[in-house]
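The values are calculated or read from the model by the stated rules, or taken from the named source; none is laboratory data. Note that the structure is predicted; figures quoted are calculated from it, not measured. Note: ideal-geometry Cβ built from the backbone for every residue, glycine included; neighbour counts use all protein chains shown. The area values use the complete protein model at the heavy-atom level, side chains included, leaving out ligands, DNA and RNA. Shrake-Rupley method; radii C 1.70, N 1.55, O 1.52, S 1.80 Å.
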Amino acid sequence: MPGSYPGFSWREAGPDDAGTLSRLSIAGWRQTYAGQMPDSVLGRMEENPHHDPASWHRCLERRPPDRWTRIVETESGEAVGFLWFGREEGRLPGYRGEIEKIYLLKPAQGRGLGRALMADTFRTLEDADLSPVAIWVFDFNRPALDFYEKLGGKALGRSETVFEAEGRAFVETAYGWPPGGLVVAPKRPLLSP
């Protein structure tokens, strides 16, 4: 379902958006994890099949009805973020919904847009009877952990190693919300960058 927030809107992605999602996924990782992940990982994102346009195209073509992928755009139509969410895939017993990915590029951050997107995502999941909701986040990503905690998320536990690079293990922490548990305090949006 399309939505909007001052200066931004979001819409459901389709297979023709695969290139845009690939670009946003790569840019999101590079902006979010710069200085926290080895350059050897971030510098080769185009080689990673999880970020490849063909992989996104297949994913969007085969998407089940209980999975959503939304692209966030500015008023001028520039893509600045995306979300991928739906039915939880069995990693967290008792949780029916999961936010798989949420990335906003730097120009879209700090304006309250993330809160609005989370509220819209939770409404979609709850309307589809996919609640409680969880999200996995790299445990070194303190800004994201703080964001989820401010929204009422509770740490549920840590994953096994997601991957290793340059002798370092990368681990995720799960955050969860009970039905109706998202806390969205209003934040006044900035009117200009």
Can you run down the residue pairs with Cβ atoms below 9 Å, 6 or more apart or on separate chains, where the first is in region 134-152 and without any contact (Cβ under 8 Å) to a residue 60 or more places away in the chain and open to solvent by 20 Å² or more (accessible area, probe 1.4 Å) and the partner is among the charged types (D, E, K, R) and not in a strand (DSSP E or B)? TRP136/ARG91; PHE147/ARG115; LYS150/ARG115
Can you pull out the residues in region 95-131 that are open to solvent by 50 Å² or more (accessible area, probe 1.4 Å), without any contact (Cβ under 8 Å) to a residue 40 or more places away in the chain and closer than 21 Å to GLN31 by Cβ? GLU100, GLN109
Hey, can you tell me all the residues within region 54-79 that are surrounded by fewer than 17 Cβ atoms within 10 Å (Cβ to Cβ), of a type outside the set (D, E, K, R) and more than 21 Å from GLU98 (Cβ to Cβ)? ALA54, THR74, SER76, GLY77
Name the residues in region 18-77 that are under 22 Å from ALA108 (Cβ atoms) and among the charged types (D, E, K, R), would you? ARG23, ARG30, ARG70, GLU73, GLU75
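Here is a yes/no grid of residues against (1) more than 14 Å from the chain's Cα centre (by Cα); (2) under 26 Å from PRO6 (Cβ atoms); (3) not in a helix (DSSP H, G or I):
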position: TRP68; (1), (2), (3): no, yes, yes
position: ILE71; (1), (2), (3): no, yes, yes
position: GLY81; (1), (2), (3): no, yes, yes
position: GLU89; (1), (2), (3): yes, no, yes
position: LEU92; (1), (2), (3): yes, no, yes
position: LEU117; (1), (2), (3): no, yes, no
position: ARG123; (1), (2), (3): yes, yes, no
position: GLY157; (1), (2), (3): yes, no, yes
position: TYR175; (1), (2), (3): no, no, yes
Please count how many residues of region 174-193 are out of contact with any helix residue (DSSP H, G or I) (no Cβ under 9 Å at 6 or more places or on another chain), open to solvent by less than 60 Å² (accessible area, probe 1.4 Å) and modelled with pLDDT under 50. 0
